[in-house]
1. Cβ contacts < 9 Å: first residue closer than 22 Å to ASP115 by Cα, restricted to segment 1-26; second residue basic (Lys, Arg) and part of a strand (DSSP E or B), any location; separation 6+ or different chain. Result?
2. Here are some conditions: (1) of a type in the set (A, V, I, L, M, F, W, C); (2) surrounded by fewer than 16 Cβ atoms within 10 Å (Cβ to Cβ); (3) under 17 Å from the mean Cα position of the chain (by Cα); (4) farther than 17 Å from VAL159 by Cα. LEU87 meets all but one. Which one does it not meet?
3. Would it be correct to say that LEU70 is hydrophobic (A, V, I, L, M, F, W, C), within 24 Å of THR154 (Cβ to Cβ) and in contact with a Lys or Arg (Cβ under 8 Å, 6 or more places away or on another chain)?
4. Quick check on segment 4-20. Is at least one of its residues surrounded by fewer than 18 Cβ atoms within 10 Å (Cβ to Cβ), hydrophobic (A, V, I, L, M, F, W, C), more than 21 Å from ASN65 (Cβ to Cβ) and over 13 Å from the mean Cα position of the chain (by Cα)?
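The values are calculated or read from the model by the stated rules, or taken from the named source; none is laboratory data. These figures come from a predicted structure and were not determined experimentally. Neighbour counts run over all protein chains shown; Cβ positions are idealised from the backbone, glycine included.
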Amino acid sequence: MKLKTPIEIDFLEFFKTGKFDYLKLGQTKEWIINNFPDPDCYDASFLTEKVNIWTYGGIELFFENEKLYLIFSDHWYEGKLSDTKQLKFNKWIFEDINKLNLLFVLTKLNEHNIDYKKKTDNLGVLLRLKSGVELTFDNINDIEGLSTNQFHLTSFGLVAENPYRWKE
């Protein structure tokens with residue numbers, strides 16, 4: 001679907017509510033292609049191909065069995081989290097990607113009363129927001145003894161909760 005004006009995506013709203021325009025986990029490829037802008041790589045044969053990742057700049061939609069199961073990004077450090085022809089982003093915390101450490105993001109979440117669960121393990125820090133958005137933080141430069149507060153945000157995505165991930 002081609003639009004005359006881009007759809008606006010507000011990342012603060014996405015983190016608060018999981019709202020990414022009208023997309024919802026579980027929707028079919030066919031519903032999305034008829035109700036949301038075409039992905040970057042769309043052509044006439046797109047729906048019949050077994051393409052399971054659709055891209056919109058730095059945003060990726062992941063499908064399994066023809067249904068959306070993840071809205072994801074880990075590309076903002078490459079400058080790809082910028083507006084596309086079809087999507088316009090209110091970047092919120094992504095305006096200055098150099099600030100995106102755990103302490104900064106937690107402060108912003110608390111300022112906006114966004115509830116979350118936090119899990120720290122040997123791989124990094126995972127936050128699961130009440131909205132269903134998950135944020136991953138890592139020691140990106142493998143600095144020995146680095147406080148987890150200084151770990152950087154490396155990905156975010158709206159995904160169904162995996163209860164096994166949160167067991168002690």
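1. ILE9/LYS88; LEU25/LYS67
2. (2)
3. no
4. Scanning segment 4-20, I find at least one residue that is surrounded by fewer than 18 Cβ atoms within 10 Å (Cβ to Cβ), hydrophobic (A, V, I, L, M, F, W, C), more than 21 Å from ASN65 (Cβ to Cβ) and over 13 Å from the mean Cα position of the chain (by Cα), so the answer is yes.
One line per residue, one yes/no per condition, for (1) modelled with pLDDT of 95 or more; (2) hydrophobic (A, V, I, L, M, F, W, C):
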| site | (1), (2) |
| --- | --- |
| ASN113 | yes, no |
| LYS118 | yes, no |
| ASP121 | no, no |
| LEU126 | yes, yes |
| LEU129 | yes, yes |
| GLY132 | yes, no |
| THR136 | yes, no |
| ILE140 | no, yes |
| GLU144 | no, no |
